[in-house]
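Inspection log for the structure reproduced underneath, given as structure tokens.
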Amino acid sequence: MARGARPEVPGPREPLSRDRIVGAALVIIDEEGVEALSMRRIAARLGVQAMSLYNHVRSKDDILDGVTEFITTDMRMPRRVTGGWEEGIRDIAYGFRRASLRHPRACELVLMRQLSTPTALAPVDTMIAMMLDHGFDEEIAVHVLRLFISFQVGTLLQEVRSAPGSGREARGPEERLAARTAYFAGSGFPAVAKVAPILAVNDHEAEFAFGVELLVSALRGLAPVTQD
């Protein structure tokens, strides 16, 4: 499967392979979520019998490992980050965000699933190696990795699953914004009402950038002191 694009599922006359099975699984996950995935659904999409899948994959977990491998490869992370650690954090964060938005439901799977294959562990190794290469303590490097993953999970879930709330019935973006602003302003909670115009706007890109820069800023206090 080519990186950076939605995998295509060839017609039923083409030979069955692990890549085709993983590609079909990713399409199902993209369209309906992980909970909709089953061996029968994959087989039906490929036009084959479910039992024939087992000639190429061991189990549904093996297929999920393949999806995880595809997504982590699609992040296009280098094995080693060159340059400073601050820019490295930004490059990794935005690389993961780009992959997340291409396959948001599958990326949620990657973030929540235990990474059990060498391909899936590669971005983890990149992140930790970058921290260690710049003199960060080993425990700090692991803490940063886990914080980074939690941040990615939270922002991805918020962006993908967020709903307009009280403006759900409004048709256009301006009407939805006005409805949300009015809802917060009239909520009866003074602090919420005070920031209603700001709270009603949810710029996911700006919120992500704010979080990344906050993480970088906090890490400066933990960075090793360099000798001139």
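In summary, the helical segments of the chain meeting the span-like criteria, namely a full DSSP H run, a Cα extent along the axis of 30 angstrom or more and a mean Kyte-Doolittle hydropathy of at least 0.0, are 138-161.
Arrange the residues Glu35, Glu207, Glu69 by how much accessible surface each exposes, largest first, with a 1.4 angstrom probe. Intermediate results must be reported in sequence, preceding the final value.
Values: Glu35 150, Glu207 95, Glu69 45 Å².
Correct descending sequence by accessible area is Glu35, Glu207, Glu69.
Averaging the sequence gap over all C-alpha pairs within less than 8 Å and six or more residues apart, then dividing by the number of residues, gives the chain a relative contact order of 16 percent. Pairwise Cα distances in the stretch 37-139 exceed 15 Å in 67 percent of cases. Among Asp65, Asp74, the order of accessible area from largest down is Asp65, Asp74, computed with a 1.4 Å probe on protein heavy atoms. Estimated from helical segments only, the mean residue ellipticity of the chain at 222 nm is -20000 deg cm²/dmol, where each DSSP H run of four or more residues counts as -39500 (n - 2.57).
Protein heavy-atom accessible surface, 1.4 Å probe, per residue over the chain: 58 Å². To the nearest 10, the accessible area of Glu139 is 130 Å² with a 1.4 Å probe. Using a probe of 1.4 Å, the accessible surface attributed to Tyr183 totals some 130 Å² when neighbouring protein chains are kept in position.
Multiplying the residue separation of Val192 and Asp133 by 0.36 nm and removing their Cα-Cα distance gives an extension gain of 16.8 nm. Under a Gaussian network description of the chain, with springs only between Cα atoms under 10 Å, the residue in Gly154, Gly172, Gly66 that fluctuates furthest is Gly172.
Checking a compactness column here: for the chain, what do you get for Rg(Cα) / (2.2 N^0.38 Å), N being the number of residues? Could you put the intermediate results ahead of the total?
On the way: Rg = 21.3 Å, N = 228, 2.2 N^0.38 = 17.3 Å.
Cα Rg divided by the expected 2.2 N^0.38 Å: 1.23.
Under a 5 Å amide H cut-off, with hydrogens placed 1.01 Å from N, Ser187 pairs with nothing among residues at least 5 apart or on other chains.
Using 0.36 nm per residue, how much length does the chain from Glu86 to Ala223 gain when fully extended, once their Cα-Cα distance is taken away? Numbers along the way, then the final one.
Working: separation 137, 0.36 × 137 = 49.32 nm, distance 1.02 nm.
The Glu86-Ala223 span can extend by a further 48.3 nm.
The values are calculated or read from the model by the stated rules, or taken from the named source; none is laboratory data. Every value quoted in this text rests on a predicted model; they were computed, and no experiment measured them. Note: areas computed on protein heavy atoms with side chains; ligands, DNA, RNA excluded. Shrake-Rupley method; radii C 1.70, N 1.55, O 1.52, S 1.80 Å.
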